[in-house]
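Visitor: The structure under discussion is supplied below as structure tokens; questions concerning it will follow.
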Amino acid sequence: SQQGEEDPQALSIQEGENATMNCSYKTSINNLQWYRQNSGRGLVHLILIRSNEREKHSGRLRVTLDTSKKSSSLLITASRAADTASYFCATDLVSSGSARQLTFGSGTQLTVLP
Amino acid sequence: DAGITQSPRYKITETGRQVTLMCHQTWSHSYMFWYRQDLGHGLRLIYYSAAADITDKGEVPDGYVVSRSKTENFPLTLESATRSQTSVYFCASSEFDRGPRFFGPGTRLTVL
């Protein structure tokens, strides 16, 4: 079963607008990671946020984590056509004692229109 | 200095044949992983390895075999390919067990 689930499944915006994607999860986590996947390519790691952190930034990316609501959001500011990709959250479970439990969601497909 | 590579990038095979997908990383990362990506299922972990000669099952290991005799290589073998194994396969590596994964470009496998 999926631990992290992204919302929405698909998002279409105009270039220059901000894009927000959400991830919800069910059980306690050590950390939550966001990845990007361009069509036909492998996943690229974007940001890792630990359970004791509330917000992290990387360039035009801003990730927030609300452990009380078991949710995270990824904000891409001033989007560009090159941001068109699928975005995945992955959750690292507290209950797991091994590396196997980094569980990926099904992703949000972001399309940025020029 | 390619990072992590996979070969072949595309493979078509027939039901019942043995297929081996190769993965090679140049970072000397301890952890390596095999995932499959299918529509509607996201990425699912097949096998992972914490070090040379240490491997363990993931979520969907049935029908697959792995080995890791050297830190840099982590081949995945489908012993007798089935149509349900048609998928895109990604290899990944990580310096830490809970750290970021670094993914290869993927192998698109079609089993006829």
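Visitor: Of all residues in the range B:25-45, how many are open to solvent by 10 Å² or more (accessible area, probe 1.4 Å) and either away from chain A (no Cβ under 14 Å) or of a type in the set (Gly, Ala, Ser) (or both)?
Guide: 4
Visitor: Against the definition (facing another protein chain (nearest Cβ under 10 Å), at positive phi and part of a loop (DSSP other than H, G, I, E, B)), how does A:Gly16 come out, yes or no?
Guide: Against the criterion (facing another protein chain (nearest Cβ under 10 Å), at positive phi and part of a loop (DSSP other than H, G, I, E, B)), A:Gly16 does not qualify.
Visitor: Being over 23 Å from A:Ala10 (Cβ atoms) and within 11 Å of chain B (Cβ to nearest Cβ) is the filter; apply it to the range A:21-35 and report the residue that is surrounded by the most Cβ atoms within 10 Å (Cβ to Cβ). Steps first, please.
Guide: First pass over the range A:21-35, keeping only residues over 23 Å from A:Ala10 (Cβ atoms): A:27-31.
Next, from what is left, pick out any that are within 11 Å of chain B (Cβ to nearest Cβ): A:29-31.
Values: A:Ile29: 27, A:Asn30: 16, A:Asn31: 20.
Only one residue fits best here, namely A:Ile29.
Visitor: Are there any strands (runs of 3 or more DSSP E) wholly within the range B:48-111 with 2 or more residues that are under 26 Å from A:Arg36 (Cβ atoms), and if so which?
Guide: Those strands (runs of 3 or more DSSP E) span B:87-94, B:107-111.
Visitor: Could you tell me which of the residues B:Arg83, B:Arg9 is in contact (Cβ under 8 Å) with a residue 12 or more places away in the chain, away from every other protein chain (no Cβ under 13 Å) and closer than 26 Å to A:Gly107 by Cα?
Guide: Details: B:Arg9 fails: away from every other protein chain (no Cβ under 13 Å).
Result of the check over B:Arg83, B:Arg9: B:Arg83.
Visitor: Looking at the range A:36-114, what strands (runs of 3 or more DSSP E) fall wholly within it and have at least 2 residues that are at the interface with chain B (Cβ under 9 Å from one of its Cβ atoms) and out of contact with any strand residue (DSSP E or B) (no Cβ under 6 Å at 6 or more places or on another chain)?
Guide: none
Visitor: Taking the condition of being among the aliphatic types (A, V, I, L, M), more than 11 Å from chain A (Cβ to nearest Cβ) and within 17 Å of B:Tyr47 (Cβ to Cβ), how many residues in the range B:86-112 meet it?
Guide: Number of matching residues: 1.
Visitor: Return yes or no: is A:Asp66 at pLDDT 95 or above and surrounded by fewer than 14 Cβ atoms within 10 Å (Cβ to Cβ)?
Guide: yes
Visitor: Continuing with the same structure: Tell me, yes or no, whether the range B:6-17 has at least one residue that is open to solvent by less than 60 Å² (accessible area, probe 1.4 Å) and hydrophobic (A, V, I, L, M, F, W, C). Reasoning before the result, please.
Guide: Within the range B:6-17, the subset open to solvent by less than 60 Å² (accessible area, probe 1.4 Å) is B:6-8, B:13, B:16.
Still in the running and hydrophobic (A, V, I, L, M, F, W, C): none.
Among the residues of the range B:6-17, not one is open to solvent by less than 60 Å² (accessible area, probe 1.4 Å) and hydrophobic (A, V, I, L, M, F, W, C), which makes the answer no.
The values are calculated or read from the model by the stated rules, or taken from the named source; none is laboratory data. Just so it is clear, the model here is predicted, and its values are computed rather than measured. Using ideal geometry, Cβ is built from the backbone for each residue, glycine included, and neighbour counts are taken over all protein chains shown. SASA here: full protein model, heavy atoms, side chains in, ligands and nucleic acids out. Shrake-Rupley method; radii C 1.70, N 1.55, O 1.52, S 1.80 Å.
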